[in-house]
Each structure stands twice: as structure tokens, then as C-alpha cells.
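Q: Got a structure for you, written out below as C-alpha cells; questions coming shortly.
What follows draws every value from the coordinates through simple rules; no lab data is involved. Predicted model, so just to flag it, every value in this text is computed and none were measured. Positions of Cβ are generated from backbone atoms using ideal geometry, with glycine treated the same way; all protein chains shown enter the neighbour counts.
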Amino acid sequence: MAINDEVGINDEVGIDGTDSPGKALELGPVKLHIDSLTVIDIEPDEDNKEYLFDGKDKVKAVIIDMQVENTSDDDIEFYPNQSILVTDTGEQVESDMLLMGEAGGEFFGKVKKEGQTWWILKDSEKDIKTIKMIISPPHSADEWEDLAEEKRLEFEVLSFEEAKKRDGE
């Protein structure tokens, strides 16, 4: 059960508090669309509390919806769903393996994938104002050669009300 939602804003990927479509990031032969970043406080039900959330009564999670497209005929590997997140509160977290969407992995030629990935934060009480997403570059499947540079995105975290106000400006 969600009890509080906030959204991430980043102009580079087109998440700006409006309903306008996002912008693709081009990382070598890969197009990465980050459709949304949400920070959510959750009080998990009993079934999921032990299995997914280490028995915690309340957790804070960052949820990112993304789409990935390999635009080349070459086989590549790319794992945006394993990006590292760093918050302004000093946390550095990796995505949860059980809650990792299908947006990453091996891409055998011109393939599209999409999915939702969760990062569970250790501290559920601190208010987050910014999140940095560190995305490792895609690499060739056979030679492990990087096909782009590492990408770092900074997201400002706003309440839905703050995002709506910004949308009206």
C-alpha cells in the first residue's frame, strides 16, 4: 500500500512535470527512454513484507519505468536496470534483484525491451530532494568494448503538488 508519492524531474530525459512525451537518451547504438521516476513510501502487506522488504513495516523505494532499444544489428549488453542511485541524503543503492524489470540484459540485434525497476532505500524517514542515476554504458557482447560513455542523470524530487505548480508555470 502506497502512502506517499513524489516524482523525479529531469529536463534532459523530458520528465518535466507535464504529460508531454519524454526524450530518448542516445548511448551509442542504444536509445534509453526513462518514462518516470517515482519515490514512494510503502507499508507492505504481510505476504510481501518478509519476501520483498526484509520484514520492514515501512519502506521508501525509487521506481523507474524505462524503455530500451538497440538500434544496431550487433549483439550488445546493457543494464540500465542495474544503475546505481545516489541520494542527497547520502545513500548509494543498487536495484533490487527481485524487483528488476526486463529493461536490461542481452540485446541480440535490433531489440526493444521495457520494464519497471525498484531501488529500496535503507532509510525510509529522510526526505529526498535529489537523486543521481549512474548508468553504465552499453558494451559489445563479444569483446566487452564500451559503446558509449557512462551517463549520470540528476533528478529533482518534487511532490505531485509541486510538480503540478511547475507544470502551470
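Q: How high is the relative contact order of the chain, given as a whole-number percent (alpha carbon pairs under 8 Å, six or more residues apart)?
A: So the answer I get is 25 percent.
Q: Hey, can you rank 89-96, 113-120 by average C-beta count inside 10 Å, highest first?
A: Packing order, densest peptide first, comes out as 113-120, 89-96.
Q: Tell me the mean residue ellipticity at 222 nm calculated for the chain from its helices only (DSSP H runs of n ≥ 4, each -39500 (n - 2.57), averaged over every residue, nearest 500).
A: Numbers: 2 runs with 17 residues, N = 169.
Dividing the helical sum by the residues of the chain leaves -3000 deg cm²/dmol.
Q: At a threshold of 8 angstrom on Cα-Cα distance, excluding pairs fewer than six apart, so keeping six or more, what relative contact order does the range 20-104 reach in percent?
A: It rounds to 26 percent for the range 20-104.
Q: What is the local net charge at residue 45, summed over the other residues whose Cβ is closer than 14 Å to its Cβ (Lys, Arg +1; Asp, Glu -1)? Mind showing how you got there, number by number?
A: Details: positive: 49, 56, 58; negative: 43, 46, 47, 50, 57.
It works out to a net charge of -2.
Q: Once you sort the root eigenvalues of the Cα gyration tensor of the chain as a ≥ b ≥ c, which label holds: rounded (a/c under 1.5), prolate (a/b larger than b/c) or oblate (the other case)?
A: Oblate, because a/c is 1.5 or more while a/b does not exceed b/c.
Q: Using a simple charge model, +1 on the beta-carbon of Lys and Arg, -1 on the beta-carbon of Asp and Glu, nothing else, what dipole does the chain show about its Cα centre, in debye to the nearest 20?
A: Taking the Cα centre of the chain as origin, the dipole is about 300 debye.
Q: Run the reach check for residue 49 against lysines, Cα to Cα strictly under 30 Å, same-chain hits fewer than 8 apart removed. What comes back?
A: Within the straight-line limit of under 30 Å, residue 49 reaches these lysines: 58, 60, 113, 122, 126, 129, 132.
Q: Could you please report the charge total around residue 23, scoring K, R as +1 and D, E as -1 over all other residues with beta-carbon less than 9 angstrom from its beta-carbon?
A: -2
Q: For the range 100-169, with equal point scatterers placed on the C-alpha atoms only and solvent neglected, what are the log10 I(q)/I(0) values from the Debye formula at q = 0.22, 0.28 1/Å, to two decimals?
A: Normalising to I(0) and taking log10 leaves -1.14, -1.32.
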